[in-house]
Amino acid sequence: MKKSVLITGCSSGIGYSVAHGLQARGYRVFATARKAEDVATLQAEGLESLQLDLNDSTSISQAVEEVLTRNNGQLYALFNNGGYGLPGAVEDLSRDALRAQFETNFFSWVELTNLVLPAMRKQGYGRIIQNSSVLGFAAMPFRGAYNASKFAIEGWSDTLRLELRGSGIFVSLVEPGPISTKFRSNAMKAFEQYIDVEKSIHRERYLAILNRLNKQGPAVPFTLPPGAVLKKVIRALEAKTPQARHYVTIPTHLFGLLKRILPTSMLDDLLAKAGSDH
């Protein structure tokens, strides 16, 4: 039997690349997406695809049930990938805005993971791979909601890894930096929904943020294609004892090192500069 992988957020970007890449490598891929039209597109491209809306518990449970039914109750791996980023200063983030960010980026991943773990425990093996971010361990300004959701992913994953010791189930974090995806266009939609630019003390800074979000092509140096993440996912799937963390881009490697060696004040200076949108 082919090793099976359930992937969320496959309509574009990282999820799309990983789904196609793993299928080409011989895995049985269950590629999920929120919209029916995206599922139809993935199916037309030869992927085994089904609908999964991360903001709908019923959709999550139905998708897991369908995957396990199709695969005789087994699942080798889950790649939690679907999510989005909400730009904005912390003082401009409403409770509703933060709740929406966490519902998609964190609570849904926990719910989905908890639904597949019984099958993995029963079979005695499995891989849980989380698509985190450099912003999961190095916070940057005006990204507070996303920073917080990814820091939560990191803390939860570290806890889960400890709790699963000896079970045959491994937990790995993939930590990209800048990757060429639709992330900015999705961030723009969230920004427009939750941030009132004209009433904010940060109005001028927001205009710079909007300019970055609207920029064509890579917005920052060292941006890599989604295939760079695929390589790390393959390592997490195929290593006998997978690493807890897989850095992807140069900024991720750099800030991972600097966080270990620099005092907080110096690191803050660098993160503030790196997070500047001017």
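One table, with the values for the structure above:
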item: Per-selection Rg to Rh, the stretch 165-278 - Cα, Kirkwood hydrodynamic radius; result: 1.05
item: J(HN,Hα) series, the stretch 11-17, from Karplus relation 6.51 cos²θ - 1.76 cosθ + 1.60, nearest Hz, glycine and proline x; result: 5, 6, x, 4, x, 4, 5
item: Cα gyration tensor of the stretch 178-219 - equivalent ellipsoid semi-axes, whole Å, descending; result: 20, 12, 6
item: Cα-derived Rg over Rh, computed across the stretch 4-274 with Rh taken as Kirkwood radius; result: 0.96
item: 0 to 90° range, to nearest 10: angle between helix 183-194 axis and the chain longest Cα axis; result: 60
item: All lysines inside 25 Å of residue 259 as judged from Cα atoms, apart from same-chain residues fewer than 8 positions distant; result: 150, 231, 232, 273
item: Mean Cβ neighbour count within 10 Å, used as a protection proxy, ranking 199-210, 147-158 highest first; result: 147-158, 199-210
item: Helix-only [θ]222 nm of the chain, DSSP H runs n ≥ 4, -39500 (n - 2.57) each, per residue, nearest 500; result: -15500 deg cm²/dmol
item: Inter-site label distance for residue 182 and residue 2 at 7 Å from Cα along Cβ, in nm; result: 2.4
item: Rounded, prolate or oblate (a/c below 1.5 giving rounded, otherwise prolate when a/b exceeds b/c) for the stretch 11-74 by Cα gyration tensor; result: oblate
item: Relative compactness, the stretch 81-230, computed as alpha-carbon Rg over 2.2 N^0.38 Å; result: 1.16
item: In degrees, nearest ten, helix 250-261 long axis to first principal axis of the chain (Cα); result: 80
item: Proximal aspartates and glutamates to residue 35, defined as alpha-carbon separation beneath 20 angstrom and excluding residues fewer than eight positions away on the same chain; result: 45, 48, 53, 56, 65, 66, 103, 111
item: 0 to 90° range, to nearest 10: angle between helix 203-214 axis and the chain longest Cα axis; result: 40
item: Which of 244, 63, 7, positive extreme of dipole for the chain (C-beta unit charges); result: 244
item: Debye equation applied to the C-alpha atoms of the stretch 1-139, log10 I(q)/I(0) at 0.14 Å⁻¹; result: -0.64
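Bear in mind that the values in this text are calculations on the coordinates, not laboratory data. Not measured: the values here are computed from a predicted model. Cβ: placed from backbone, ideal geometry, glycine included. Neighbour counts: every protein chain shown.
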